[in-house]
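Step one of this worksheet: look at the structure below.
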């Protein structure tokens, strides 16, 4: 970069640039006056461009993922198009942005070569989807949305749910210290197995739903569900695996913010539902009152007709 900046400065300072030449990179002829002495007019200054070839770097990272060279990766737009096609029906307008976000976010995780699904991650994404869709207006479509999400990611939804259940069942009755011990790799459990694989993988990739899985485990062991109480536990647990806690703590904060927004939206939807039911009851009451008034008018009319007929009959006798 320093060499490039120097070259650009020389080009701009030169009174004339005769040519840009060179078979293997950027080159130009200088004709610059320095301290009143002309530099060699035909001297070429070359900058050799590095010829990058994917998968051929002599590093452990390149060797591990060299087999993926040239693999076509879907764009987020393509992933969402597949999700929409699988779902086959429009998403409720109130949920569209959130559904779009979770599809795009999940695709970016799964498409990464370093991604590796485990039961904690599965617990996190199932918890996130359940939180998002628990008050969805059409319960049948909520299940379809979940199935379409996993299918467009190339996953079996039932397998993901089963993996999440193993973590949830294991966490019941555990303490914070027991979970930390398992995350340190101690003992034999689904959590210790995951922690060991995470520790052994130099290029392990943290992703948001792994952090949310840990948050749900905290909920199961009785940690207060707020950002202040979760932060130190997250720091402690991620540290037990030898991994940084900063992104996980940030994701937990995001989780609580989204949860609060969903609770506000849920309250608004309930208020709308209550108002709509009240209006419907008022409309039904108005219809009932109108029907009663109509019946009363008919009864009065019938009495008047009967009285008139009786009067006409009396006159006819006379």
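The values are calculated or read from the model by the stated rules, or taken from the named source; none is laboratory data. Treat the numbers as computed from the prediction; the structure is a model and nothing was measured. For neighbour counting, all protein chains shown are included, and Cβ atoms are generated from backbone atoms with ideal geometry for every residue, glycine included.
Quick check: is even one residue across the stretch 180-188 crowded, with 21+ Cβ neighbours inside 10 Å and at pLDDT below 95?
No, every residue in the stretch 180-188 fails to be crowded, with 21+ Cβ neighbours inside 10 Å and at pLDDT below 95.
Looking at 66, 9, 62, 79 in this structure, which one is modelled with pLDDT of 95 or more, surrounded by 10 or more Cβ atoms within 10 Å (Cβ to Cβ), out of contact with any strand residue (DSSP E or B) (no Cβ under 7 Å at 6 or more places or on another chain) and assigned to a helix (DSSP H, G or I)?
Every option except 79 fails the conditions.
Going by what's in this entry, would residue 136 be described as in a loop (DSSP other than H, G, I, E, B), assigned by TED's automatic domain parsing to the domain that holds residue 203 and either over 30 Å from residue 242 (Cα atoms) or at pLDDT 95 or above (or both)? Walk me through how you get there before you give the answer.
Working: in a loop (DSSP other than H, G, I, E, B): yes; assigned by TED's automatic domain parsing to the domain that holds residue 203: yes; either over 30 Å from residue 242 (Cα atoms) or at pLDDT 95 or above (or both): yes.
Yes; evaluated as a whole, the condition is true for this residue.
Testing residue 85 on (1) closer than 25 Å to residue 256 by Cβ; (2) surrounded by fewer than 15 Cβ atoms within 10 Å (Cβ to Cβ), one condition comes back false. Which one is that?
Condition not satisfied by residue 85: (1).
Does residue 140 count as free of Cβ contacts under 8 Å to residues at least 60 places away in the same chain and farther than 30 Å from residue 196 by Cα?
Answer is yes for this residue.
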